[in-house]
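Okay, structure first, notes after.
The values are calculated or read from the model by the stated rules, or taken from the named source; none is laboratory data. Remember, it's a predicted structure, so these values are computed and weren't measured experimentally. Cβ: placed from backbone, ideal geometry, glycine included. Neighbour counts: every protein chain shown. Accessible surface areas use protein heavy atoms only, side chains included; no ligands, DNA or RNA. Shrake-Rupley method; radii C 1.70, N 1.55, O 1.52, S 1.80 Å.
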Amino acid sequence: MSTISHWIDTRVTPPPPGFTRRLASGREMGDQAFGTFVEEALAALRTSLREPSGSREAAFGLLAADAYATYACEAAADADQVDKVLRDILSEVVNGIR
């Protein structure tokens, strides 16, 4: 099993170090890493929405949510049924912010 931090560190183009610290997590991922990333995206989004509108913290939260959602889609590329998994990811994100 891998952690979120390890997975991010192994990307071909990792995010800038300052932003990586915001994404760093020792949370372990199961066989379906995309599910973990969706959960992290929703958590970052919820945190961002609690910040004052237009604040730097709100912006960083949105960037983190976007990064996690992107990582979810990237991790889904390894799934057997990529189309279905991508639809499920989008559905979870949309339903998670309602």
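Observations on the structure shown:
- In the condition set (1) of a type in the set (Gly, Ala, Ser); (2) farther than 19 Å from ARG11 by Cβ; (3) within 15 Å of the chain's Cα centre (by Cα), SER55 is compliant with all but (3).
- Any hit, segment 10-22, residues being in a helix (DSSP H, G or I), among the basic types (Lys, Arg) and surrounded by 13 or more Cβ atoms within 10 Å (Cβ to Cβ): yes
- Check on SER25, surrounded by 15 or more Cβ atoms within 10 Å (Cβ to Cβ), within 14 Å of the chain's Cα centre (by Cα) and modelled with pLDDT under 75: yes
- Residues being in a loop (DSSP other than H, G, I, E, B), open to solvent by less than 60 Å² (accessible area, probe 1.4 Å) and either polar (S, T, N, Q) or at pLDDT 85 or above (or both) - total across segment 48-98: 1
- Scanning segment 28-43 for residues that are open to solvent by less than 60 Å² (accessible area, probe 1.4 Å) and not aromatic (Phe, Trp, Tyr) yields MET29, GLY30, ALA33, GLY35, THR36, VAL38, GLU40, ALA41, LEU42, ALA43.
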